[in-house]
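Beneath this line is the structure, given in structure tokens, with notes to follow.
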There are 2 protein chains.
Amino acid sequence: MACPQGRPSLHGSRQRVQRSINVIFTKRLFGGSPTRVTAALPLDSTKPDSRRHDILHHATQLFGSRGYGQTSIRDIASAVGMLPGSVYYHFASKEALLAAVYTEGIERSIAAVEAAIVAKTTPWDRLEAAAVAHLSLLLADGALAAIIADGRNQPIAARDALVQQRNRYEAVFRRLVADVDLPPGVQSGPFRLALLGALNWALTWYRPDGDPPEVVARDLFAVFRTNQTTYPLGSREIQP
Amino acid sequence: MACPQGRPSLHGSRQRVQRSINVIFTKRLFGGSPTRVTAALPLDSTKPDSRRHDILHHATQLFGSRGYGQTSIRDIASAVGMLPGSVYYHFASKEALLAAVYTEGIERSIAAVEAAIVAKTTPWDRLEAAAVAHLSLLLADGALAAIIADGRNQPIAARDALVQQRNRYEAVFRRLVADVDLPPGVQSGPFRLALLGALNWALTWYRPDGDPPEVVARDLFAVFRTNQTTYPLGSREIQP
DNA sequence: CCTACCGATCGGTAGG
DNA sequence: CCTACCGATCGGTAGG
């Protein structure tokens, strides 16, 4: 009845999905009584939160590919292999599910970008590595897509909280851009927004049969890095 | 019954909306018989297509601000001041309405960008003027927003036709970018996609209480024009 | 262009 | 986590 919130999210996948679908089929095909169907469920509830994790995972994927408004609780439930009402045992509402998708996605994305940066030494190389990591997460993973893709279609009530979390991620780029030597006349704010815009917009036109995300990211980044290629680091003052 | 399609879209606004709402109120408050309500309609049907134009206009605005999936036929009908079913007298389906919004919006946008370009002489000035016009249409007008904003939420059936129309608009920028002197190592494809991405992404973060669209467009464009500022037109070959 | 209606789908819930 | 259900909303239509 009540929904236990705030559980820690565990990892680990199982075959429960398959089994649960079989149960549904059984019920539909032979009209078995509710009691028999319930009794048919194996009692291997060893990892109590793997189902919550499954919901979170599939919701991330679906929100990322179709958008929040175009994804129904029924879509998510059937992807996980359970009935629509059961989703509400794990999440209080569709909005709460979105909030959880956001939190997990932001955390994972920040970690991925930080990991990609750490080996690089120069500011421009660090920014480029971040851009490549960003676009890979966006196009291949689905976690960032759920967060960044459709800011307009999200429920107004939760929008402020979502924007705040998105800002946490953008702060990483704000810091990286601050370290870089920008040409005269280019403000760091517009530069960051233009770079992220160029990368995020790839969601609209990218096709999987084209160049891989890393190549696309580097081609796009070259547009922004040009100044640096022309003027070696630190030589900004020498300009005409 | 049948829907007369392909009528020319006329301009001109009237007070019909107000009146139509009054009719609805009358009916709800006093339960007037259908015959009386119909008879109460003034017979000034001089411009037979102004209602179709009204629908198109409000649909453009709503698709642009909320997106296609988040806008219902009922929303559009009540904005125009008629009942939901009546929309289908003018358009065969919601998808057909979207197609019409596209066609009209693309036409208007191409015209606006061409008009903004015509006075400018150098390739970089022409491209900048196009960028400014583009962002103004996108943020203030609503016509371009309906077209460009949510490619993901549009119905799959019509998507190909929509992409084709969008390409007609992008072709204008393809031509302008081709005329511009790009720095070595920068491909014109990624350059165009990065520029349009940077501009279009402003839909996500732009707030009306900030700088006006023209200023935002110029700030963003400066990021892409830097190379040009450094190297005067035609001096590309002189580089180290 | 309105009336009156349809089937489908949606987020969500009580009770077990 | 399932059963069985609710009210709301949606795109669309027959008939006038």
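Hey, can you tell me all the residues within the range A:72-93 that are without any contact (Cβ under 8 Å) to a residue 60 or more places away in the chain and within 13 Å of DNA strand D (Cβ to nearest atom)?
A:Ser72, A:Ile73, A:Arg74, A:Ile76, A:Ala77, A:Ser78, A:Ala79, A:Leu83, A:Pro84, A:Gly85, A:Ser86, A:Val87
Listed residues B:Arg166, B:Arg225, B:Arg218; which is in the same structural domain as B:Asn153 (by TED's automatic domain parsing) and modelled with pLDDT of 95 or more?
On inspection, the qualifying residue turns out to be B:Arg218.
Is there a residue in the range A:85-101 that is away from chain B (no Cβ under 14 Å), more than 10 Å from DNA strand C (Cβ to nearest atom) and basic (Lys, Arg)?
Within the range A:85-101, the first condition is being away from chain B (no Cβ under 14 Å), and the residues that meet it are A:85-101.
Now restrict to residues that are more than 10 Å from DNA strand C (Cβ to nearest atom): A:90, A:99-101.
Keeping just the survivors that are basic (Lys, Arg) gives none.
No, because not a single residue in the range A:85-101 is away from chain B (no Cβ under 14 Å), more than 10 Å from DNA strand C (Cβ to nearest atom) and basic (Lys, Arg).
Is there a residue in the range B:103-116 that is farther than 30 Å from B:Ser188 by Cβ and away from DNA strand C (no atom under 16 Å from the Cβ)?
No, because not a single residue in the range B:103-116 is farther than 30 Å from B:Ser188 by Cβ and away from DNA strand C (no atom under 16 Å from the Cβ).
Could you run through the range B:182-218 and say how many residues are more than 7 Å from chain A (Cβ to nearest Cβ), assigned to a loop (DSSP other than H, G, I, E, B) and not hydroxyl-bearing (Ser, Thr, Tyr)?
8
Given (1) within 14 Å of another protein chain (Cβ to nearest Cβ); (2) crowded, with 20+ Cβ neighbours inside 10 Å, where does B:Val113 come up short, assuming only one miss?
The failed condition is (1).
Take A:Leu135 and tell me if it is closer than 25 Å to B:Ala149 by Cβ and surrounded by 20 or more Cβ atoms within 10 Å (Cβ to Cβ).
Taking the combined requirement at face value, the residue satisfies it.
Counting just the residues of the range A:182-231 that are out of contact with any Pro (no Cβ under 7 Å at 6 or more places or on another chain) and among the charged types (D, E, K, R), which one comes out surrounded by the most Cβ atoms within 10 Å (Cβ to Cβ)?
A:Arg225
Can you name the helices (runs of 4 or more DSSP H) wholly within the range B:47-140 that have at least 1 residues being under 30 Å from B:Ala178 (Cβ atoms)?
The helices (runs of 4 or more DSSP H) meeting that bar are B:50-66, B:94-117, B:123-136.
Within the range B:67-79, can you find the residues that are within 21 Å of B:Arg159 (Cα to Cα) and either of a type in the set (A, V, I, L, M, F, W, C) or surrounded by 18 or more Cβ atoms within 10 Å (Cβ to Cβ) (or both)? Give the steps one after another, and end with the answer.
Within the range B:67-79, the first condition is being within 21 Å of B:Arg159 (Cα to Cα), and the residues that meet it are B:67-73.
B:Gly67, B:Tyr68, B:Gly69, B:Gln70, B:Thr71, B:Ile73 - these are the residues of the range B:67-79 that are within 21 Å of B:Arg159 (Cα to Cα) and either of a type in the set (A, V, I, L, M, F, W, C) or surrounded by 18 or more Cβ atoms within 10 Å (Cβ to Cβ) (or both).
If you take the residues in the range B:150-165 that are away from every other protein chain (no Cβ under 12 Å) and small (Gly, Ala, Ser), which one is farthest from B:Gly69 (Cα to Cα)?
If we take residues in the range B:150-165 being away from every other protein chain (no Cβ under 12 Å) and small (Gly, Ala, Ser), then B:Ala161 is farthest from B:Gly69 (Cα to Cα).
Give the range B:53-85 a look and list any residue that's at pLDDT 95 or above and among the basic types (Lys, Arg), or say none.
Answer for the range B:53-85, where residues must be at pLDDT 95 or above and among the basic types (Lys, Arg): just B:Arg74.
Considering A:Val80, A:Val101, which residue is more than 24 Å from A:Val163 (Cα to Cα) and of a type in the set (Val, Ile, Thr)?
Only one candidate passes the filter, namely A:Val80.
The values are calculated or read from the model by the stated rules, or taken from the named source; none is laboratory data. Bear in mind that the values here come from a model prediction, so they are computed numbers and not experimental data. When we count neighbours, we look across all protein chains shown, and the Cβ atoms used for this are built from the backbone with ideal geometry, even at glycine.
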